[in-house]
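Heads up, the thing below is written out as C-alpha cells.
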Amino acid sequence: MKVAFIGLGHMGAPMSRNILAAGHDLVVHDLRRDAAAGLIADGAAWAGSPREAGAGREAVVTMLPGPLAVEQALLGPGGLLAGMPPGSVWIDMSTSTPAVADRIRAQASPRGIAVLDAPVSGMAAGARDGTLQIFAGGDAATFTAVRPLLAAMGDPERILHVGPHGAGYTVKLMINLLWFAHLTATAEVLTIGTRAGVDLATLRRCLLASPAASHFIDRDVLSVLERGDYDEGFALALACKDLGLAVDLARLAGVPVPVSAAVEQIYRQARARYGDTGGEMLPVKLLEDLTGTPLRLLAETRLPAETRLPDAPAALGPSVPADLTAPPSPSNQPSLSAPQE
Ligand code: NAD
C-alpha cells in the first residue's frame, strides 16, 4: 500500500518503522526533519510538507500531539487534505477530539477522502513492538479496508472498531481519564494508609485482595513503588492535554464531572511543579513531597521471582494471601486497557 506518515515522535517513529517492515511504500513528514533520519535510511521517502506527503498516497496516518497540530497539518494550502487524492483514507491515530475531526471531515468528504479516527494505547514500547491497542471510529468499510495497515502497528486481537466517527477518540479519552483517576486516588489511599501506620506492602496486599483491587494497584503503580520511576515516556503536558479534552467532552455531553475536574487540577499542579516533560505518574510524587511520605516497597517485601504465581508479571510485588478471598485479579484476565498510555 502507498502510505504516508506525519508526526515522528515517541510514538510515530516506531509505528512508521513497523509500517516499513510490513512492506508498505512509505513517505514521512514531521516539523523536525531530523526525526525522519533513521526512517529515510531504512527506505522511507521524505516529504517537505503535509500536502506533499499526501500526494498519490492511498492512506495517510497522522500521529500528532493534539487537536491544534492535527488541524494545522490537515487544513490550509500546504495541508494534507490539499494533497490527498480522491479514494484515499486519512487515519488519525493522535489522541484528539471528535469536534476537530468533524470539521476536517466536512472538507474531506466532498473531495472523496475517507476519514477514520484510530487512537492507540500501549505506550512507546507497544509502538516499538507493534502491539498497540487501536480503537477505530468511522465507517465499517473504511475500517476493513485499512485493517491490514493497522495490523502492522497493533496487536490484531486488539484492533477494535468501536463505533461511528469520533468513537475512537472518545474511547481513548475515557481510558486515559479513568487511568489518571486511578492514579490520583491510589496515591491518596497509599499515603493516608502508610501515614496512619500500616505497612505499605501490607496495605497494597490487602487492597489487592479486596473489592477495591485494580489493574493500577496490581501492576502500574509498581514502577513508582519499586523503582521511583514516574514514566517519562508519556509527558505531563500530554496527560494534561488528554484530561482537558476529556473534561471538554463532558461539558459537550452535558455531564457534571467533579471528580474528573479534580483529577485534571491535580495533574496541572504536577505539571506546574515538575514541568511539561515530567512523567505522567508525577502526581504521586506531588503527594509524596507534600507529606514527606515516599511510597517505596522494600526489596525484602517483594516476592522472589521463582515463588510468584505462574501467570504473574515479572514486576508483580507481594502476592495476595491465600487465606483472603479475592475477586478475580485484573492481571489474570485479558484486558483491553493496557498500562498507560
Ligand atoms: P511527541 O511529542 O513525541 O511527537 C509528536 C511529533 O509530532 C513530533 O515529532 C513533532 O515534531 C510532530 N509535530 C507536531 N506538530 C506537527 C505538525 N503540525 N506537522 C508535522 N509534525 C508535527 O508525541 P508522542 O508521545 O509521539 O504522542 C503523539 C500522540 O500519541 C499524542 O496525541 C499522544 O497523546 C498520543 N499517545 C502517546 C503515547 C505515549 O506513550 N507517548 C501513547 C498513546 C498515545
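Rule-based calculations on the coordinates, nothing more; no lab input. These figures come from a predicted structure and were not determined experimentally. For neighbour counting, all protein chains shown are included, and Cβ atoms are generated from backbone atoms with ideal geometry for every residue, glycine included.
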### Query
Stretched out fully, how many nm does the piece from Leu298 to Val257 gain, at 0.36 nm a residue minus the Cα gap?
11.0 nm
### Positive minus negative residues near Asp25 (Lys, Arg vs Asp, Glu; Cβ under 12 Å)
+1
### Message
With θ taken as phi - 60° and the coefficients 6.51, -1.76 and 1.60, list the Karplus ³J(HN,Hα) couplings across segment 273-280 in order, rounded to whole Hz; mark glycine and proline as x.
### Response
7, 10, x, 4, 8, x, x, 5
#### Entry: Charge context of Leu64, other residues only, Cβ under 12 angstrom, K/R +1, D/E -1
-2
### Query
Simple spin-label model, 7 Å along Cα-to-Cβ: Asp25 to Thr144 in nm?
2.6
### Summary
Cβ-Cβ cut-off under 9 Å around Gly228, Lys and Arg +1, Asp and Glu -1: the net charge is +1
### Query
Per residue and in cubic angstrom, what volume does the convex hull of the Cα atoms of the chain have?
146
### Message
Under the rule of at least 5 residues apart or a separate chain, name every residue whose amide H is placed under 5 Å from the amide H of Ala45.
### Response
Leu26, Val27, Val28
## Note on the structure
To the nearest 20 debye, the chain has a Cα-centred charge dipole, built from +1 on Lys and Arg Cβ and -1 on Asp and Glu Cβ, of 480
### Query
In deg cm²/dmol, rounded to 500, what helix-only [θ] at 222 nm does the chain give when every DSSP H run of at least 4 residues adds -39500 (n - 2.57) and the total is split over its residues?
-13500 deg cm²/dmol
### Query
Does anything in segment 78-115 have its amide N under 17 Å from the 7 Å Cα→Cβ label point of Asp248, and if so which residues?
92-106
#### Entry: segment 2-165 - percent relative contact order, Cα under 8 Å, separation 6 or more
20
#### Entry: In segment 1-105, trypsin sites (Lys or Arg not before Pro) in a DSSP loop with at most 15 other beta-carbon atoms within 10 Å
Arg32
### Message
Taking θ = phi - 60°, what integer Hz values does the Karplus form 6.51 cos²θ - 1.76 cosθ + 1.60 yield along segment 93-99, in sequence order, with x for Gly and Pro?
### Response
9, 5, 7, 9, 10, x, 4
### Query
Anyone know which of Ala237, Ala261, Ala136 comes out most mobile in the 10 Å Cα GNM of the chain?
Ala261
